[in-house]
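All of the numbers you see were taken from the coordinates with simple rules; none came from a lab. Bear in mind the structure is a predicted one, so any value in this text is a computation, not a measurement. Cβ placement follows ideal geometry from the backbone for every residue including glycine, while neighbour counts extend to all protein chains displayed.
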Amino acid sequence: MTGQRSSKMAVCVAVISKENYPLYIQTIPTEDDLKFHYTVHTSLDVVEEKINNVGKTTNDLRELYLGLLYPTEDYKVYGYVTNTKIKFVVVVESSNTALRDNEIRTMFRKLHNAYTDLVCNPFYTPGDRITSRVFEKVVNAMMLQDS
Amino acid sequence: MSRQAGRGTEAKKVSAELFTLTYGALVAQLIKDYESDEEVNKQLDKMGYNIGVRLIEDFLARSSVGRCHDFRETADVIAKVGFKMFLGITPTVANWSPSGDEFSLIVDNNPLTEFVELPDGHQNLNYSNLLGGVLRGSLEMVQMEVDVTFLQDALKGDSTTEIRLKFIRRLEDALPAGEE
């Protein structure tokens, strides 16, 4: 089995609550979990900075999609914040140059929709860890997309 | 400007999502209050019954269907007119018993259960049990005693939701005491 890594979409997807604790983190199984937990955690600082910045400078409504948060030598980290301060973080491989901005935006839109559906479940309390199988399916579809 | 006779034919529109969320909040609260799934099922059935006995009046006023001649007609009216009017869906009538006194309603997309996922530990919960009570209550008001059970439930992993209605007996109007 050759490492067809470039065809995968995301290597890590995380959902973070408004109090900045993780609600959901999913990584592709071959990678080291902890490394990604760390990457996501450090990206939160950049997210906070971006949210605070726009509030002070312009009167424009801040866009939900934050774009590239920061690149490391192996990975690129993208962020998205809802108006309820729920943050979505997606980590992709730097070598995956085929991924365009639009595709990342689509991923976040799907994540946001999946999160909205999840919150409409009367048995889910916002702030709980996410255990919904439906949500997991959406995330998994995003992570392992072999073309 | 004339007042519309009766209630008019158009139902006021309410957001379907608000309805789903309201029902969901109701069930979630019942679970918190009663803790046991069986108890919650019973309460949902009771509430459904209370809704059913009142809903039938609204239904008969708005739909102007006449008296049904047999149980088959009743089944069709329930599926095609009743469900359509109140929930906007048309379940399929199927699985008639050979004696013609039992049938199933196959509900494909139940608006009550949109977005809902049953948590582990509540496998006995009949989330849509209110519907059962509504059917029981409304049919009782037209002199039919029926027994309603859920054969399949999409929330519990089955492919669809199947509601079984069994005709028990025709109810004779009870005369008030002292009259002939």
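The C-alpha atoms of the stretch B:69-131 occupy a region whose extents along the principal axes are 43, 26, 16 Å, arranged from largest to smallest. Volume of the convex hull of the stretch A:2-143 (Cα atoms only), normalised per residue: 116 Å³. The Kirkwood hydrodynamic radius of the stretch B:45-180, based on inverse pair distances between different Cα atoms, is 15.8 Å. Per residue, chain B reaches -12500 deg cm²/dmol at 222 nm when only DSSP H runs of four or more residues are counted, each adding -39500 (n - 2.57). Global size of the protein assembly as shown: 26.4, 94 Å for Rg and Dmax (C-alpha atoms, Rg to one decimal, Dmax whole).
Computed log10 I(q)/I(0) for the stretch B:27-73 at 0.32, 0.33 Å⁻¹: -1.07, -1.08, from the Debye equation with unit scatterers placed on every C-alpha and solvent omitted. Taking chain B as the reference, fit the longest principal axis to its C-alpha atoms, fit the long axis of helix B:129-141 to the helix C-alpha atoms, and give the angle between the two in degrees, 0 to 90, nearest 10. Its long axis makes an angle of about 10 degrees. So what is the 222 nm mean residue ellipticity for chain A from helices alone, if each DSSP H run of at least 4 adds -39500 (n - 2.57) and you divide by all residues, rounding to the nearest 500 deg cm²/dmol? When only DSSP H runs of four or more count, the value is -13000 deg cm²/dmol. Two numbers describe the Cα atoms of the stretch B:42-102: Rg and Dmax, which are 12.8, 33 Å.
Which of the pairs B:42/B:84; A:35/A:137; B:84/B:156; A:85/B:156 have their Cα atoms more than 28 Å apart in this structure?
Numbers: B:42/B:84 26 Å; A:35/A:137 23 Å; B:84/B:156 24 Å; A:85/B:156 33 Å.
Flagged as over cut-off: A:85/B:156.
With K and R counted +1 and D and E -1, the other residues having a Cβ less than 14 Å from that of residue B:96 yield a net charge of -3.
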